[in-house]
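Okay, structure first, notes after.
The values are calculated or read from the model by the stated rules, or taken from the named source; none is laboratory data. On a predicted model such as this, the values are computed, not experimentally measured, just so you know. Positions of Cβ are backbone-derived with ideal geometry, glycine not excepted, and every protein chain shown enters the neighbour counts.
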């Protein structure tokens, strides 16, 4: 699988909950979710801590969408969360109506343009065949930009295999924070994350869409391998899976490196205020070259692996 889809599936799947909450229209594809048998096997995802005399910041890598039955909240993770004063995630789930408006504003093509007319005959044939495979009408995304169609298509195999944002890490953490009357803030906004894709040059968007179409058959197995690495706290293995066959430097810079730098700056500034904070971001941001930990090290801030 190429690097673009690999990153979208895990580290850069920033819209996984937002877009699920805001389908573009009544013509959006309805994907049946299969029942997943819980494994009952405890998971031990990786977690780090940054601390000074009066501040502790936990860094926990998440998966935005998971199948049912993964028991990951326990041990050091549960202890860290339950002793924290604040939960911080990439975004806070947006109001569906507000998200719908944002998607409509950013994701739709100008009037008179059509997505399929941007494709070569061969690309269009492959694209339409991918839609047919999921019982989606060929015209469903005609009014939408390539990046939006690519994100939705990349999600279809894993949704059909039982992965859902409702089982994702952020959903459980948010519910627990609410139950404990704990503050929950965000590093970014959904509007900003939409803009990450919408600001890509059209040629990059089309390349991204065409590669997603090509690699759809491998998507489920790729995400499965990454989830297994995540469950075992194998940050190095996760980095290898994500960085193999690196071929999308522009997308990597936008979706990972630049954001990791910004988050490292946030951590550095937050250390100036006392308290304990539980920061939960996509696991890909805490693995491999350019990770948040690497950005912190460049700023003279050490991280300690605690799970």
Note to self: Can you report the number of residues in the range 98-122 which are surrounded by 13 or more Cβ atoms within 10 Å (Cβ to Cβ), under 26 Å from the mean Cα position of the chain (by Cα) and not in a loop (DSSP other than H, G, I, E, B)?
What the structure shows: 11
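Counting only residues that are out of contact with any helix residue (DSSP H, G or I) (no Cβ under 9 Å at 6 or more places or on another chain) and either part of a helix (DSSP H, G or I) or in contact (Cβ under 8 Å) with a residue 60 or more places away in the chain (or both), which one in the range 175-188 is nearest to residue 73 (Cα to Cα)?
Applying the filter and picking the extreme gives 175.
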Item checked: Unique residue being surrounded by 18 or more Cβ atoms within 10 Å (Cβ to Cβ) and modelled with pLDDT of 90 or more when the list is 172, 223, 209 -> 209
Next item on the list: Can you confirm whether the range 259-272 contains a residue that is in a loop (DSSP other than H, G, I, E, B) and surrounded by fewer than 21 Cβ atoms within 10 Å (Cβ to Cβ)?
Entry: yes
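Let's see how each residue does on (1) at pLDDT 95 or above; (2) under 20 Å from residue 163 (Cα atoms); (3) surrounded by 18 or more Cβ atoms within 10 Å (Cβ to Cβ):
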residue	(1), (2), (3)
41	no, yes, no
45	yes, yes, yes
50	yes, no, yes
59	yes, no, yes
68	no, yes, no
84	yes, no, yes
95	no, no, no
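Restricted to the range 123-165, and to residues that are out of contact with any helix residue (DSSP H, G or I) (no Cβ under 9 Å at 6 or more places or on another chain) and assigned to a helix (DSSP H, G or I), which residue is modelled with the lowest pLDDT?
Top of the filtered list is 132.
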Notebook entry, point to check: Of all residues in the range 228-256, how many are at pLDDT 90 or above and either under 26 Å from residue 194 (Cα atoms) or not in a helix (DSSP H, G or I) (or both)?
Noted result: 4
Notebook entry, point to check: Applying the selection to the range 188-206, what residues are closer than 15 Å to residue 103 by Cα and either touching a strand residue (DSSP E or B) at 6+ places or on another chain (Cβ under 9 Å) or crowded, with 20+ Cβ neighbours inside 10 Å (or both)?
Noted result: 190, 193, 194, 197
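Test of understanding: among 194, 172, which residue is within 17 Å of the chain's Cα centre (by Cα), under 25 Å from residue 70 (Cβ atoms), touching a residue at least 12 places away in the same chain (Cβ under 8 Å) and in a helix (DSSP H, G or I)? Quick ask: steps written out before the conclusion?
On the way: 194 fails: under 25 Å from residue 70 (Cβ atoms).
Just one listed residue meets the conditions, 172.
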